[in-house]
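What follows is a set of notes on a single structure, which appears directly below.
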Amino acid sequence: MQMPQPDASVLARKDRLVARLSQVLAPDALIHDPAETRAYECDALTAYKCAPMLAVLPRSTREVADVLRICHEEGVPVVPRGSGTSLAGGALPTADSVILGVARMNAVLETDFDNRIIRVQTGRTNLSVTGAVEEEDFFYAPDPSSQLACAIAGNIGMNSGGAHCLKYGVTTNNLMGVTLVLMDGTVLEIGGAHLDAGGLDLLGVICGSEGQLGVVTEATLRILRKPEGARPVLMGFDDSEVAGACVSDIIKAGVLPVAIEFMDRPCIRATEAFAHAGYPDCEALLIIEVEGSDPEIAHQLTLIKEIAARHDPVEFREAADADEAGRIWLGRKSAFGAMGQINDYMCLDGTIPVSSLPMVLRRIGEMSKDFGLDVANVFHAGDGNMHPLILFDANKPGDLETCEAFGAEILKLCVEAGGCLTGEHGVGVEKRDLMLHQYDPVDLEAQLTVKDVFDPAWLLNPAKVFPLQVTEARRARPLAAE
Amino acid sequence: MMTPKDEAELGEAVRQAKAPLAIRGGGTRLTGLAGEALSVSGLSGITLYEPGALTMVAQAGTPLAEVEAALAAENQRLAFEPMDHRGLLGTEGVPTIGGVFAANVSGPRRVQAGAARDFLLGVRYIDGMGQAIKNGGRVMKNVTGYDLVKLMAGSWGTLGVLSEVSFKVLPRPETEATLRVAVDGAAAAVRALSVALGSPFEVSGAAYDPDQGAALLRIEGFAPSVSYRAGRLSALLGASGAVELVEDAATSAALWAALRDVAPFRGQSGDVWRLSCKPSQAPELAARLKAEALLFDWGGGLIWARVPEGTDLRARAGSYDGHATLMRAAPETRARLGMFQPQPAPLAAIAAGLRAKFDPRGIFNPGLMG
């Protein structure tokens with residue numbers, strides 16, 4: 001993976017930049033000692049590391065605007081960062097960049113249950129948004145698995161999803177307004193407590209733009225009343241194709257579960273060894289969760305059971321109480337941790353039409369043999385969002401490269417099947433160079449022109465999302481005025 | 001009127017254009033645009049439908065009725081419930097699926113299920129240079145590159161001409177019912193709607209019709225669940241006013257179709273405005289409008305207002321969290337006030353910048369959105 005060469009003229013201006021930034025930031029918000037900037041050298045894609053020139057931790061929209069304006073005047077690239085949990089390298093710095101972290105901006109600005117919204121500063125973590133409203137039995141729906149740590153800023157940047165988005169949608173479906181600071185320091189207010197912001201749907205294009213269009217400092221989010229209850233069932237099948245058909249039949253029958261999770265045999269075995277959740281040793285395991293009052297849950301589960309029975313499951317396990325429900329989820333929720341115990345792994349998130357599932361799983365199995373690396377599959381079956389975990393040994397020379405090559409082939413397969421490279425993690429640097437498999441140059445050019453409008457100097461997170469050769473001319477920025 | 005038969009012809013028509021084009025699907029939602037009409041009605045047909053994956057792909061000019069019939073045959077539907085503008089606007093023609101998404105048309109279920117834009121998964125469109133561009137795809141989760149799909153939804157043809165759309169569909173519930181809560185005035189109505197929307201009982205419609213003096217709440221799902229939730233909501237709303245349950249699904253459906261299409265305003269004279277606002281602000285805002293007729297949807301977050309011809313409703317509304325769209329008026333009123341609410345300068349600059357990139361010659365519905 002290649003990153004642009006640091007701009008020597010930018011590095012030469014470090015002292016001047018520090019002097020200017022120190023006029024608008026508190027001393028503890030400006031980090032320029034190389035021993036300390038190393039803390040920002042990577043995000044959750046730890047294979048790639050590069051310490052930034054500086055890191056800043058502003059406390060207000062005003063400070064963010066000042067920082068961006070100064071960096072814009074100095075021609076310095078800025079990499080926005082939420083909590084640094086990106087699996088795609090979205091917050092990976094270059095040596096000539098300033099990391100702009102919003103972690104200190106984590107206040108709740110307003111909770112409004114009558115209008116069912118919450119307004120927060122975007123450094124606030126996903127789970128603590130729900131934490132701010134759960135006393136009134138409300139919650140914020142998008143639930144990425146990093147929700148304990150990940151920030152709303154990053155959720156908006158990557159348009160994060162989660163296990164429950166089959167029913168509640170992803171970030172973009174729950175975002176009503178933002179305060180966005182452009183690279184030149186302009187502050188925009190878009191949307192708010194009303195539905196459908198006026199004019200063009202800028203909110204829609206900002207969400208998922210991976211910090212390339214502006215820095216979102218505040219957000220208005222939709223909150224929902226918690227359902228009366230929720231209950232999972234577990235079912236095991238001897239054939240992943242049959243499991244896929246069962247999912248399809250449940251959906252066709254008009255039942256809309258809040259989550260449908262799928263695990264294959266390698267994943268079941270690894271998590272079982274780690275978490276002892278009591279999962280059956282079978283080819284495919286489904287966890288399906290439904291919501292409502294007790295009678296409503298019972299009604300839906302009866303329908304699901306009838307449909308599952310037609311597909312001859314090797315196991316069908318209902319949760320009689322909260323403890324059993326917890327055990328059903330235990331293995332799934334520890335899947336990534338379990339993999340981490342036994343191996344290094346790379347987690348992909350390509351999405352496929354659910355009808356292609358059997359073909360894609362079969363091909364991944366074949367490729368696993370060809371590349372000589374094991375794969376465990378866990379994925380959101382309702383929406384086709386795969387999560388193949390490729391196991392490798394970081395200490396073995398060449399293994400990471402083999403793993404990356406294998407991963408790229410899986411993602412190309414997802415695109416061939418009618419799907420896409422990434423369903424919820426984002427492109428970042430990880431999938432950047434595969435974008436031409438998804439889109440033609442003319443399609444990418446249309447996207448680049450959007451960045452041209454928001455960030456004409458191409459200073460915000462410039463080396464991400466698009467292949468470097470595609471953005472080269474735009475990134476060759478003029479030197480700042482001396 | 002130009003009616004190209006496929007995407008290549010559509011691209012060629014745009015490339016050859018020397019003057020502004022009036023972009024249209026069935027011509028039922030927009031009237032009085034300047035320029036030669038360019039219709040996508042010739043690009044028609046469902047190209048892919050996978051009920052088990054809840055997805056459909058269709059040419060932009062496919063009649064909405066054809067889409068809805070195909071979905072109904074599989075017991076599915078467009079959950080965002082697009083309105084039919086013909087009755088309100090007095091237009092004729094065949095609404096198209098492309099028009100629905102280009103105008104981001106969402107009905108009462110928007111409060112629960114989301115807007116049209118939330119269901120749009122992928123687009124193909126012709127840009128202002130006549131190039132065919134694709135974005136998104138046909139899977140429900142997709143963060144591969146920028147989401148131009150959302151940008152195209154609700155851009156009313158000003159950024160590109162849609163040629164194909166792929167979208168998410170949902171199962172049609174087994175049955176539905178409506179609760180009619182007698183309320184005295186908009187403030188009491190919005191309070192009652194807010195209580196219902198803040199409950200765990202999954203209300204899929206929350207409207208207030210002043211003529212009926214009733215707040216209206218829709219519940220959909222499996223029969224036992226609808227019955228259970230209707231009971232719980234009735235108890236919850238008992239303090240707000242007398243509650244009547246409309247149990248017959250067909251009666252309930254007809255009631256919501258009328259609300260969706262703003263049927264009470266049909267054939268009534270005057271201009272029609274549509275305001276998006278913060279629900280709790282709706283009662284005071286509505287009072288300031290001094291309208292001849294009002295209809296509230298989305299728990300109060302959507303106000304339909306009928307006012308005398310030529311009224312500058314935005315001036316009456318003053319400052320609030322939201323915006324007002326002029327849906328029906330004489331051409332001179334529309335020219336004077338604009339269909340869409342003017343935006344603050346920095347936002348308008350971004351929008352103008354995007355239009356200049358997507359349509360550098362300024363030929364797609366010029367002036368419509370700024």
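Here A:Arg363 and B:Ala19 are evaluated by their C-beta separation; at R0 = 56 Å the FRET efficiency comes out at 0.65.
Ranking A:Ile304, A:Ile206, A:Val233 by how far each Cα lies toward the positive end of the dipole of the protein assembly as shown (charges on Cβ) leaves A:Ile206 at the top. Using alpha carbon centroids, what distance separates the stretch B:279-352 and the stretch B:78-105, in Å? If you average the Cα positions of each part, the centres end up 20 Å apart. The phi-based Karplus calculation (6.51 cos²θ - 1.76 cosθ + 1.60; θ = phi - 60°) puts the 3J(HN,Hα) values of the stretch A:43-52 at 10, 6, 8, 7, 5, 10, 9, 6, 5, x Hz, whole numbers, x for Gly and Pro. Note on A:296-306: average number of Cβ atoms from other chains within 10 Å of each residue's Cβ is 2.
The dipole here belongs to chain A: it is taken about the Cα centre, uses +1 on the Cβ of Lys and Arg and -1 on the Cβ of Asp and Glu, and is about 960 debye. Rounded to whole numbers, the Karplus 3J(HN,Hα) couplings from phi for the stretch B:109-121 are 6, 3, 5, 9, 8, x, 8, 3, 4, 6, 9, 7, 9 Hz, using 6.51 cos²θ - 1.76 cosθ + 1.60 with θ = phi - 60°, and x at Gly and Pro.
Here's how it looks for B:Ala37: its modeled amide H is under 5 Å from those of B:Met2, B:Ala22, which are all 5 or more places away or on a different chain.
Taking a sphere under 15 Å around the Cβ of A:Trp329 and counting the other residues whose Cβ falls inside, with K and R at +1 and D and E at -1, yields a net charge of -4.
Label-to-label distance for A:Asp312 and A:Asp33 is 6.8 nm, based on points extended 7 Å past Cα in the beta-carbon direction. Have a look at A:Tyr279, A:Val102, A:Pro456 and report the one farthest towards the positive end of the charge dipole of chain A, computed about the Cα centre with Cβ charges (Lys/Arg +1, Asp/Glu -1). So the residue furthest toward the plus end is A:Pro456. Annotation: amide H of A:Val79 within the under-5 Å range of A:Val98, A:Ile99, A:Leu100, A:Asn461, sequence separation 5 or more or interchain, hydrogens built in the peptide plane.
If only the Cβ of Lys and Arg carry +1 and only the Cβ of Asp and Glu carry -1, the dipole of the stretch A:379-439 around its Cα centre is close to 100 debye.
As a rough footprinting exposure proxy, the listed residues A:Phe113, A:Phe139 were ranked by other beta carbons within 10 Å of their own, and the order from fewest upward is A:Phe113, A:Phe139.
For chain B, the Cβ-based charge dipole about the Cα centre amounts to some 920 debye (Lys, Arg positive; Asp, Glu negative; other atoms uncharged). Give me a comma-separated list of calculated 3J(HN,Hα) values for the stretch A:241-254, in order, Karplus coefficients 6.51, -1.76, 1.60 applied at θ = phi - 60°, integers in Hz, x for any Gly or Pro. Per-residue couplings from phi come out as 5, 5, 4, x, 5, 5, 4, 4, 5, 5, 5, 5, 6, x Hz. For the stretch B:1-70, trypsin sites (Lys or Arg not before Pro) meeting the loop criterion (DSSP other than H, G, I, E, B) and having at most 16 other Cβ atoms within 10 Å: B:Lys5, B:Lys18.
Largest GNM mean-square fluctuation across B:Ala102, B:Ala13, B:Ala242, computed for chain B with C-alpha springs under 10 Å, falls on B:Ala242. Farthest toward the positive end of the dipole of chain B, out of B:Ser194, B:Gly338, B:Gly299, is the Cα of B:Gly338, where the dipole comes from beta carbon charges about the Cα centre. Residue exposure proxy: B:Ile133, B:Ile126, ordered by other Cβ atoms within 10 angstrom of their Cβ from fewest to most, comes out as B:Ile133, B:Ile126. For A:Val216, the amide hydrogen comes within under 5 Å of the amide hydrogens of A:Val181, counting only partners 5 or more places away or on other chains and with H modelled in the peptide plane. For B:Arg86, the shell of other residues with beta-carbons less than 11 Å away shows a net charge of -1, using +1 for Lys and Arg and -1 for Asp and Glu. Using only alpha-carbon positions in the protein assembly as shown, the gyration tensor eigenvalues give semi-axes of 39, 35, 27 Å once each is multiplied by 5 and square-rooted (largest first).
Label zone (A:Ser60, point 7 Å along Cα-to-C-beta; backbone nitrogen cut-off 18 Å) within the stretch A:17-35: A:21-30.
Every number in this text was worked out from the coordinates using simple rules, so none of it is lab data. As the structure is a prediction and not an experimental result, all values here were calculated from the model. Every residue, glycine among them, receives a Cβ derived from its backbone with ideal geometry; neighbour counts consider all protein chains shown.
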